[in-house]
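Worksheet: the structure to be examined is printed underneath.
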2 protein chains.
Amino acid sequence: MKGTLYGLGVGPGDPELITLKALRILERTSVLAYPAPEEGESLVRSIVADHLDGHHEEVCIRMPMVSARFPAQDVYDRAAADLGRHLDAGRDVAMLCEGDPFFYGSFMYMFGRMAEHHPVEVVPGVSSLMACAATLGAPLAARNDVLSVLPATLASEALERRIRDVDAVAIIKVGRHLPRVRTLIEAMGLTGSARYVEHATMASERILPLAEVADDTAPYFSMILLHARGDAWKV
Amino acid sequence: MKGTLYGLGVGPGDPELITLKALRILERTSVLAYPAPEEGESLVRSIVADHLDGHHEEVCIRMPMVSARFPAQDVYDRAAADLGRHLDAGRDVAMLCEGDPFFYGSFMYMFGRMAEHHPVEVVPGVSSLMACAATLGAPLAARNDVLSVLPATLASEALERRIRDVDAVAIIKVGRHLPRVRTLIEAMGLTGSARYVEHATMASERILPLAEVADDTAPYFSMILLHARGDAWKV
């Protein structure tokens, strides 16, 4: 019998924000897969490190630094072949995913390669989107709000049009786009309701009103939350 | 010393989708608050029922059936006064929230009343949005997708404009708007990529292509997910 590939959402960073289900599956699978940078530690593995007892065969998928627009297809192809061999041999594989596997996660690249020929199950996790709102102490969306998630990679004009059309906005993948996005929000007169969160729920968490973010760049795990109607979330 | 009010996200319905953090706080608080219908059982309490050992003083907040546009302010006012007395007496209160507290949750009504005068902490949970995508086995959003969450209560024209402007859409609060929304999606030629999920991860879970949903109404906990570019999520 073939093994199952589990896409395990392990939450945004705080090791306590893993679900009982993800933990149970982690404990009973024999193979553990996770992405890691070209050199150094895997962030997502560190989130669950305290729960690992050494019984797993580990598959570390090292991603070379490439543009987000052109993910390293070769790396995913090789990893898919690797994991496929484990699954064909009847071994269940847990693939660790920061936040939620299907919310802008890299798990989709494995899912796209594996789902046709192997059983794949996704365990949803606490997303960075919800973690940022909790960290800020400000509701993300309520009642009949329209909420949009906008990658900062969008052109300024497209960002502006979409921000204008909704009630609440999460701008993700801020990274090197920070100065441009900050300027845009300032020009729209929305800086007062914009807040910046970096590494939500991790030890390195940083929360600031956008007006106080002086940096020229931001890490990949950063987000700007704003309410286009300003204080509209207050009730 | 004042007690803390915890908004505990307990996940979308599967009792195993609670986080370790929510569980720990549940165990160490002395007061348990939760919403319930005017008569009958509280859904959110049933999600955590297996973890309750009887030590809590319980505050059941019974909500009369009123329009979603005009929530029962009196009920929240009375509940806030109730919980305030517990907090003033130094007792920590855990308020249970389906999914995530700040993602269209009713916790915001309590948060708005309590946060100014009492310590309030929000524990993010697995949202129904992520649970629906996991249940469907289809990524919600990836790469540079724009994702919008649209309440079905919006007028058809507003819904249509927003669906056209983004890559992935979650239509929430479907309820009695089901026939109108289904007709709109059909008229836009998007029925083929629209999927309907009811009670995701609960025992009563129901998943159908939208084309096969014959009902005239839907429960509150239902969602339509669609990819405006059709199969764009496939990689």
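The values are calculated or read from the model by the stated rules, or taken from the named source; none is laboratory data. A quick note: this is a predicted structure, and the numbers were derived from the prediction, not measured. No Cβ is skipped: glycine too gets one built from the backbone with ideal geometry, and neighbour counts run over all protein chains shown.
Screening the candidates A:ALA187, A:ALA158 for the property of being modelled with pLDDT of 95 or more and surrounded by fewer than 17 Cβ atoms within 10 Å (Cβ to Cβ) yields one hit, A:ALA187. Scanning the range A:146-158 for residues that are more than 7 Å from chain B (Cβ to nearest Cβ) and not aliphatic (A, V, I, L, M) yields a count of 2. Listed by first and then second residue, the pairs linking a residue in the range A:158-184 that is free of Cβ contacts under 8 Å to residues at least 24 places away in the same chain to a residue that is among the aliphatic types (A, V, I, L, M) and surrounded by fewer than 22 Cβ atoms within 10 Å (Cβ to Cβ), with Cβ atoms under 7 Å apart and 6 or more places separating them unless they lie on different chains, are A:ARG162/B:VAL146. For the range B:108-127, state whether one or more residues are modelled with pLDDT under 95 and small (Gly, Ala, Ser). Yes, the range B:108-127 contains a residue that is modelled with pLDDT under 95 and small (Gly, Ala, Ser).
Of the residues making up the range A:93-136, just one is within 8 Å of the chain's Cα centre (by Cα), more than 20 Å from A:HIS51 (Cβ to Cβ) and in a strand (DSSP E or B), namely A:PHE103. The set of residues in the range A:106-121 that are within 8 Å of chain B (Cβ to nearest Cβ), buried (at least 22 other Cβ atoms within 10 Å of the Cβ) and touching a helix residue (DSSP H, G or I) at 6+ places or on another chain (Cβ under 9 Å) contains only A:TYR109.
Within the option set B:VAL10, B:VAL93, being out of contact with any Pro (no Cβ under 7 Å at 6 or more places or on another chain) and over 16 Å from B:VAL126 (Cβ atoms) holds for one residue only, B:VAL93. Of note, A:GLY7 satisfies the criterion of being among the small types (Gly, Ala, Ser), touching a strand residue (DSSP E or B) at 6+ places or on another chain (Cβ under 8 Å), within 26 Å of A:LEU129 (Cα to Cα) and modelled with pLDDT of 95 or more. Against the condition farther than 26 Å from A:ALA131 by Cα, of a type outside the set (Asp, Glu) and surrounded by fewer than 18 Cβ atoms within 10 Å (Cβ to Cβ), how does B:ARG85 come out, does it pass? Judged against the criteria, B:ARG85 is a match. Taken over the range B:15-41, the criterion of being surrounded by fewer than 20 Cβ atoms within 10 Å (Cβ to Cβ) and hydroxyl-bearing (Ser, Thr, Tyr) is satisfied by B:SER30 alone. For the range A:13-44, taking the residues that are small (Gly, Ala, Ser) and not in a helix (DSSP H, G or I), the one that is nearest to the other protein chains (Cβ to nearest Cβ) is identified as A:GLY13.
Between B:ALA94, B:ALA36, B:ALA80, B:ALA49, the distinction of being in contact with a Ser or Thr (Cβ under 7 Å, 6 or more places away or on another chain) and farther than 30 Å from B:SER148 by Cα belongs to B:ALA94 only.
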